1. What list do you get for 224, 465, 213, 308 if you sort them by fewest beta carbons within 10 Å?
2. Just to verify a number: FRET efficiency for residue 103 and residue 265, C-beta to C-beta distance, R0 = 22 Å, to 0.05?
3. Can you compute the label reach from residue 439? Point 7 Å from Cα along the Cβ direction, backbone N cut-off under 13 Å, restricted to region 208-246.
4. Starting from the Cα-Cα distance between residue 470 and residue 503, subtract it from 0.36 nm times their residue separation and give me the gain in nm to one decimal.
5. List the relative contact order of region 92-190 as a percent without decimals, with contacts defined as Cα pairs under 8 Å and 6+ residues apart.
6. Find the Rg to Rh ratio for region 137-287, where Rh is the Kirkwood radius over alpha-carbon pairs and Rg uses the same atoms.
7. Round to the nearest 0.05 the FRET efficiency obtained for residue 429 and residue 453 when R0 = 22 Å and r is the Cβ-Cβ distance.
8. Residue separation times 0.36 nm, minus the C-alpha to C-alpha distance between residue 522 and residue 272: what's the value?
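What follows is calculated from the coordinates using simple rules that are stated; it is not laboratory data. Model, not experiment: these values are computed from the prediction. Glycine gets a Cβ as well: all are built from the backbone with ideal geometry, and neighbour counts include every protein chain shown.
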C-alpha cells in the first residue's frame, strides 16, 4: 500500500471532509425546502442498497458513492441554512447591545452591537467621547434612525468586505451624531462571549499596570490573548513583510502551553480513583475557556479541538492519529460554520500544520547533528521551511508578496515569542499576588518585546527583503503546488523522475507567465470606479494607466487606495492622475483629452460637464461611443438624446425600464468589448438601440 493509501486507512475521516468541503464551496445546486429531505433521501438510498447488496455492505463501492453524495448535499444544505437574509429596516427607535469593546478610528469610535431580541448585528459609528470610550460588552444603547444594509463599493478585484462581515452576522451600519443616541450603562445584557472579552481586557490591563509600554502591551496582548485589534497597522504590516505574521495569531503553541501548565498542576489526580476523568475534565475546561477568551479564531479552534481529541484518546486509552484529528476538527468546524472554509486564517492554519506533519520529518532527516544545540536549531529551521512550503500558495493568494528573509526572522522571533508567551502568563498571575514581582518580570517581558520589534524592523529594512506585486493565477498556483509536492516526494524517495517533473512544471510555469505578460502588455481597458466623495475613470494600456477624477479636493492617496487591487491584478506600474476640469488637456501615446472629449485607442469618450443641466436639445450630446453622465437624471424624454451613443456610463439612472440594459451588473468594460458591442448594436434589426452599463456609484 502506498503512502496516501496508508493515510486514508489511518485517517478515515478524510473521506468525510472532502465531500463536505465540496458541498460548502460549490454554488448551491438546489434548494432543499423541507428539513427532512436529507433524511428521506438517506432512507430511500439505504433501502435500495440493502435490497441489491452482495457480500459485506461497507465494502460496496455504492456505499462510498452514497456517503459522498449525502455529505455533499449536507454541505449544500448547511450553506443554505447558514445564509442570513438581512431585510431593509425602517426608521424607528432601536436598542442595541454592545458586543465588543469600542474600536477607535480617525474621527469616530466603531461599535459592534446586536439588536435586542434579534439575531442581526450592526456596525455603529459614534463621535469620540469618554462615554463611548468606556463602553463595555453588555452595555445597551438606543438610537433612532434607519440602519443601512452593508454593500461593497463594486470596484474590480476589491476585497469582499461585505461577505466577511456577513459571516460574522453583521449586516447593517449606521453613523450617528451625539444627539441621536443614548447609552444605557445600567441595562447590561452579558453572555458568555461578552464576559470572555471582559476577562481578556482585564488580563491585558494587568500587563499595562505592570509597567509595560503601551505599544508592547498591544503586541503582547495579541500574542498571548488574541487581542489583535489594538495593534498598529504599521506593526502588522511589518510582521507580514518579514514572514512572522503567524506569531500574532493565537494557535497551537498557546494551547500547548495551557495544556502543559494544567497537566503539571493537576497531574496528581491521575493516581486517584476516577482521577483520569477529573483530570481530563479540568484540562478540557481550561483549554476551551482560554479558547473563548482569545476570541475563538479558526487557528485556536483547530488547536483546541486537536488537543481535546488527544486528551480524550489518552483518557479512553485509544490512540488518535494526527491526520484523523485534523480531519475531524475540520469537519466539525465546517459543519458548524460553513463560511469558515473561506477564512484566510482557517486555510493558513491547516496548511501550515499539514505541511509540518508531512514535510518536516523528511527535511529534518537530511542532516544529523551530534550535539543538542545544533540539532535544536536545525529542528526549528526544518519546521519553518516546512510551514513556509505549505503556505506559499495561500501567502501569494492573500498577501501577493513573499518575504525573502523569512527564515532569518523566524529563527530569532519564534524563540523570543515563546519566552514572551510564558512571561505574559507569569505577569498576569503575579499581578494578583505581588505587584513588585509582577513589575520585575514585566521588565524582562518588555525587553523581549523590544527585541522582537527591533528584529522585525531590521529584517524589513534589509535590501530586497520582500518581493511585492505577486499575483499568480489559479493555474499558476496549482503548478507551484505540484512543484512543492514533487520536491517533497523527491526528498523522501530520491527518484530522479520527480526532478524531471519539477523541471517540466517549471517550464510550464515560465510559459504561462510569459503568456500572461503578453496579454497584460496588449490589454486596454476603460474602468469606472466607485469612490466615496468622487468619481474616477481609469484608462489602462498595457502596464500604464491614466486616472481622471472630478472633485479635485480629494487626495491622490485616497483614490489610489480604492484602485490598488485593480492596479495590482493588472500589474500596472506607471500611473498618472488628472483632476477633471473644463480645461483638461493632455496628450500621450494612444490617448489625448481636449475640452469635454477623451480619445483613447480609437474610442471617443464624452464627459458631461458638471454644470450642464438637463435638456432635450440633442446637440448637447455629440456623437461618441461612450458618454459619462455626471449629473443628468434620465427620463423617458431623455431617451432620444442619447441614441447617438452606444455605451452609456452613468452614476445613477432613473427609469431603467425605459432602456434595454444588456449588461446591468458589469463592473468594467474592455475596449475590445466596447467596440464589439458598438458594432453589434448598430446592425439592422438588433432590438438594442444602445448598450447601457449601470454603475451604482457610492454616495
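1. 213, 465, 308, 224
2. Numbers: r = 36 Å, r/R0 = 1.63.
Rounded to the nearest 0.05, the efficiency is 0.05.
3. Under 13 Å, as judged by backbone N against the label point of residue 439, lie 209-212 of region 208-246.
4. 9.8 nm
5. Here the relative contact order equals 33 percent.
6. Values: Rg = 21.1 Å, Rh = 19.8 Å.
Ratio of gyration radius to Kirkwood radius for region 137-287: 1.07.
7. The calculated FRET efficiency here is 0.35.
8. 82.4 nm
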